[in-house]
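**Student:** Pasting a structure below so you can have a look.
Since every read-out is calculated from the coordinates, none of them should be taken as a lab result. Predicted, not measured: the structure shown is a model, and the values here were computed from it. Positions of Cβ are generated from backbone atoms using ideal geometry, with glycine treated the same way; all protein chains shown enter the neighbour counts.
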Amino acid sequence: MEKFINQGDKDTRSGFGEGLTELGRSNDNVVALCADLTGSLKMNVFAEENPERFFQTGIAEANMIGLAAGLATGGKIPFTGTFANFSTGRVYDQIRQSVAYSNKNVKICASHAGITLGEDGATHQILEDIGLMKMLPGMTVINTCDFNQTKSATIEISNFDGPVYLRFGRPKVANFTSSSEKFKIGKGLKLKDGNDVTIVATGHLVWEAIKASEKLAENGINAEIINIHTIKPLDEDIILQSVSKTGCLVSAEEHNIYGGLGESISRLLVTKLPSPQEFVGTKDTFGESGPPSELMNKYGLNSSSIYNSAVDVLKRK
Amino acid sequence: MDGDLNNLVPQVRRDILRMVHTVNSGHPGGSLGCVEFFVTLYKRVLKVDDNSDSNDMFILSNGHISPVYYSTLARSGYFKVEELDSFRKIDSRLQGHPTNHDNLPGINISSGSLGQGVSVGLGIALSKKLNNDDSLVYVLTGDGELQEGQNWEAFMFAAAKKVDNIIVTVDYNGQQIDGSTKDVLDIGDLKSKFESFGWKVLELENGNSLNEVYSKLSLAKENSKKGKPIVILMKTVMGNGVDFMMHTHEWHGKAPNDEQLNIALNQNPETLGDY
């Protein structure tokens with residue numbers, strides 16, 4: 001496991017901010033919009049360096065999405081920034097009609113996704129956004145796992161022509177992927193080889209999966225770990241190859257088990273390679289206020305849940 | 001020019017009536033009310049040149065009046081008039097509500113779910129400013145559509161950010177599906193509302209007069225780039241040009257039957273050839 005050393009806790013939203021800053025310097029076509037959360041989204045540097053290309057929309061997310069669709073129509077590459085809840089559920093129809101159905105090159109960048117938004121509680125947390133976005137035809141859905149991956153994803157999506165939902169979070173978490181690794185949309189990453197069970201994780205749960213695999217190894221269980229950052233389009237090959245070897249799978253995500261990554265994987269497996277699967281995710285519930293780490297433990301979004309699910313799924317092989 | 005447009009108007013009305021009649025669905029009322037606006041915009045106002053990067057753009061926010069949009073586009077050369085016959089049929093590019101999804105020339109965005117077009121138009125206007133492109137953005141919205149809150153987010157934004165290269169026209173016909181806007185949800189004094197939001201307001205008393213539409217759009221253009229977004233409150237008569245469809249919301253989303261179609265067509269001579 002030497003490959004995955006925590007280089008120091010960092011928030012994924014800062015990875016977005018740094019990526020956007022780099023884009024501001026390298027690509028004149030990139031524009032950014034924010035609905036009164038510039039500091040939270042770490043968009044300040046872009047805003048300061050490119051005042052003419054930064055649009056503060058005020059607390060008006062519906063208009064922000066429409067503006068972005070228009071800017072894309074005019075040939076720009078707009079990045080919108082607000083919390084995940086206000087990036088998706090609040091503006092679903094605007095995204096559906098003006099962005100997705102209209103195939104506009106808009107990058108919807110969503111911070112504070114999942115339960116780790118923490119103390120603000122369920123009104124601001126969202127555990128349904130992956131489902132909402134992946135159901136939209138033509139929408140690419142990405143959930144990055146750490147600072148480095150978020151930064152490289154932010155840069156890479158500017159080179160991709162089409163609507164993208166980029167989901168990241170608020171808290172400082174382990175930063176363990178390589179800063180030099182180029183982000184490839186739609187390409188899963190095998191983090192560790194194993195023969196007994198496949199663990200597929202996305203977002204903040206990837207580091208938890210790595211920790212779980214260490215404990216599993218101590219107990220003689222050799223887990224293969226795959227980081228799926230692109231939930232749609234799903235890298236089906238990497239999952240099928242792994243499960244054809246291990247025969248079972250655990251999916252792990254900071255999202256409702258309804259509509260998330262796990263469900264996409266189960267659809268894949270049931271049609272191509274029927275295999276036992278366990279789901280780590282929230283169980284059709286809203287979140288609540290509390291410190292992020294305590295919430296992750298309470299809602300079973302941690303390494304011990306992944307560990308237990310791996311043990312359970314092995315029994316069903 | 002007016003002579004040509006006088007010929008075009010009844011032909012576009014015929015297209016609208018025949019399109020909705022064929023598929024027994026669609027929205028003739030609002031479409032008929034905006035014929036003069038559309039033909040004036042496309043034939044006399046919009047600056048479009050295929051060889052230029054600087055072209056005016058039009059966004060239709062109230063997408064349900066797609067029949068007048070499609071007819072005007074076809075009769076302006078964007079696609080063949082024969083294609084109008086595919087309106088609302090399977091495998092058509094002429095969807096019930098307009099979309100760029102199927103690459104129909106002349107359509108820049110999908111609309112139909114109401115209240116989104118002004119925001120989109122503003123985004124295009126911002127991109128034009130960034131590109132130092134001095135062409136303009138035109139948006140048409142319904143009046144009932146102004147009940148959608150997103151419009152007011154957009155109106156606030158436009159004035160605050162001085163987006164002055166956009167001309168929004170409100171189809172002020174006072175009707176919506178369930179009845180008159182006064183009865184459904186009174187939108188009140190639109191002029192005062194827009195002025196208090198910081199917009200330059202132009203009033204167009206007869207939006208069914210080619211001359212008045214042209215002179216008001218020209219005036220709007222003269223007033224652009226002066227620090228304020230511009231709105232034209234364009235009074236129109238829903239169903240204009242077909243006597244039994246006028247001054248009522250009944251034909252908002254209803255197609256005429258065979259007999260009604262014949263009466264309506266008899267009031268609008270075939271001037272340029274039916275599709």
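**Student:** For region B:121-275, what does the equivalent ellipsoid look like in terms of its semi-axes, each the square root of 5 times an eigenvalue of the Cα gyration tensor, given largest first in whole Å?
**Tutor:** Computed over region B:121-275, the values are 32, 20, 13 Å.
**Student:** Can you tell which of B:L41, B:G188, A:P233 lies farthest toward the positive end of the dipole of the protein assembly as shown, using +1 and -1 charges on the Cβ of basic and acidic side chains (Lys, Arg; Asp, Glu)?
**Tutor:** A:P233
**Student:** Still on this structure, please answer the following. Can you spot the lysines whose alpha carbon is less than 16 Å from A:K272's alpha carbon? Ignore those fewer than 8 places along the same chain.
**Tutor:** Output for A:K272: A:K245.
**Student:** How much length is gained on full extension from B:S192 to B:V48, taking 0.36 nm per residue of separation minus their Cα-Cα distance?
**Tutor:** Computed gain between B:S192 and B:V48 is 48.5 nm.
**Student:** Between A:K317 and B:I90, what FRET efficiency follows from the Cβ-Cβ distance if R0 is 35 Å, with the result rounded to 0.05? Walk me through the numbers on the way to the answer.
**Tutor:** Numbers: r = 48 Å, r/R0 = 1.36.
That pair, A:K317 with B:I90, gives E of 0.15.
**Student:** Which whole-number percentage describes the relative contact order of region A:189-315, with Cα contacts under 8 Å and a sequence gap of 6 or more? Intermediate values should be presented prior to the final figure.
**Tutor:** Values: 231 pairs, mean separation 38.2, N = 127.
Computed over region A:189-315, the figure is 30 percent.
**Student:** Another question, then. In region A:1-62, which trypsin sites (Lys or Arg not before Pro) are in a loop and have at most 13 other Cβ atoms within 10 Å, using DSSP for the loop call?
**Tutor:** Counting only loop positions with at most 13 other Cβ atoms within 10 Å, the trypsin sites (Lys or Arg not before Pro) in region A:1-62 are A:K3.
**Student:** Would you mind counting up the charge near B:K228? Only other residues with Cβ under 12 Å from its Cβ, with Lys and Arg at +1 and Asp and Glu at -1. Please report the intermediate quantities before stating the final value.
**Tutor:** Working: positive: B:K161, B:K162, B:K200, B:K225, B:K226; negative: B:D164, B:E195.
It works out to a net charge of +3.
**Student:** Just to verify a number: FRET efficiency for A:T285 and B:L185, C-beta to C-beta distance, R0 = 35 Å, to 0.05?
**Tutor:** On the way: r = 37 Å, r/R0 = 1.05.
Efficiency computed from Cβ-Cβ geometry: 0.40.
**Student:** Quick check on region A:10-173: take the gyration tensor over C-alpha atoms, sort the square-rooted eigenvalues as a ≥ b ≥ c, and tell me if it's rounded (a/c under 1.5), prolate or oblate.
**Tutor:** Taking the square roots of the gyration eigenvalues as a ≥ b ≥ c, region A:10-173 is rounded.
**Student:** Select from B:I232, B:I167, B:I177 the residue whose mean-square fluctuation is largest in a Gaussian network model of chain B (Cα-Cα springs shorter than 10 Å).
**Tutor:** B:I177
**Student:** Right, another one. Given a cut-off of 21 Å, name the pairs among A:K10/A:K211; B:K80/B:K254; B:K47/B:K128; A:K151/A:K190 whose C-alpha atoms lie farther apart than that in the structure shown. Before the final figure, lay out each step's value.
**Tutor:** Values: A:K10/A:K211 17 Å; B:K80/B:K254 26 Å; B:K47/B:K128 14 Å; A:K151/A:K190 19 Å.
Result: B:K80/B:K254 exceed 21 Å.
**Student:** Once both axes come from the Cα atoms, what is the angle between helix B:117-130 and the longest principal axis of chain B, in degrees from 0 to 90, rounded to 10?
**Tutor:** 50
**Student:** Another one. Going by the alpha-carbon gyration tensor, a ≥ b ≥ c the square roots of its eigenvalues, is chain A rounded (a/c under 1.5) or, if a/c is not under 1.5, prolate (a/b greater than b/c) versus oblate? Don't jump to the answer; show the numbers that get you there.
**Tutor:** Numbers: a/c = 1.76, a/b = 1.69, b/c = 1.04.
Prolate, because a/c is 1.5 or more and a/b exceeds b/c.
**Student:** Using mean Cβ contacts within 10 Å as the protection proxy, how do B:53-60, A:218-225, B:13-20, A:237-244 order, highest first?
**Tutor:** Packing order, densest peptide first, comes out as B:13-20, B:53-60, A:237-244, A:218-225.
**Student:** Taking H as built 1.01 Å from N, whose amide H comes closer than 5 Å to the amide H of B:V139, not counting residues under 5 places away?
**Tutor:** Distant-sequence amide H within range of B:V139: B:I59, B:I167, B:V168, B:T169.
**Student:** Considering amide H positions built from the backbone, and no H for Pro or chain starts, which residues 5 or more places from A:T82, or on another chain, come under 5 Å of its amide H?
**Tutor:** A:C109, A:S111
**Student:** Shifting gears a bit: Above 44 Å lies some portion of the pair distances; for the protein assembly as shown, what is it as a whole percent of all C-alpha pairs? Working shown, then result.
**Tutor:** Values: 50200 of 174936 pairs.
Value for the protein assembly as shown (Cα pairs over 44 Å): 29 percent.
**Student:** Here's a follow-up. Could you sort out which of B:K182/B:K226; A:K184/A:K232; A:K107/A:K187; B:K193/B:K226 sit more than 23 Å apart by Cα distance in this structure?
**Tutor:** From B:K182/B:K226; A:K184/A:K232; A:K107/A:K187; B:K193/B:K226, over 23 Å: B:K182/B:K226.
**Student:** If you don't mind, there's one more thing I want to ask. If you build a Gaussian network model of chain B, linking Cα atoms that sit under 10 Å apart, which residue out of B:G179, B:G26, B:G121 swings the most?
**Tutor:** Comparing B:G179, B:G26, B:G121 in a Gaussian network model of chain B, the most mobile one is B:G179.
**Student:** Rounded to the nearest 500 deg cm²/dmol, what is the calculated helix-only ellipticity per residue at 222 nm for chain A, with -39500 (n - 2.57) per DSSP H run of length n ≥ 4?
**Tutor:** Calculated mean residue ellipticity at 222 nm is -10500 deg cm²/dmol.
**Student:** Next question. Take each of the peptides A:112-125, B:194-207, average the number of other beta-carbon atoms within 10 Å over its residues, and list them starting from the highest.
**Tutor:** Numbers: A:112-125: 21.2, B:194-207: 17.2.
Going by the mean number of other Cβ atoms within 10 Å, highest first, we get A:112-125, B:194-207.
**Student:** Calculate log10 I(q)/I(0) of region A:189-315 for q = 0.12 Å⁻¹, where I(q) comes from the Debye formula with a single equal point scatterer on each Cα and nothing for solvent.
**Tutor:** The Cα Debye sum returns log10 ratios of -0.38.
**Student:** DSSP loop (so not H, G, I, E, B), at most 15 other Cβ within 10 Å: list which trypsin sites (Lys or Arg not before Pro) in region A:173-204 pass both filters.
**Tutor:** Details: sites: A:K182, A:K184, A:K187, A:K190, A:K192; in loops: A:K182, A:K184, A:K187.
Those satisfying the criteria are A:K182, A:K184, A:K187.
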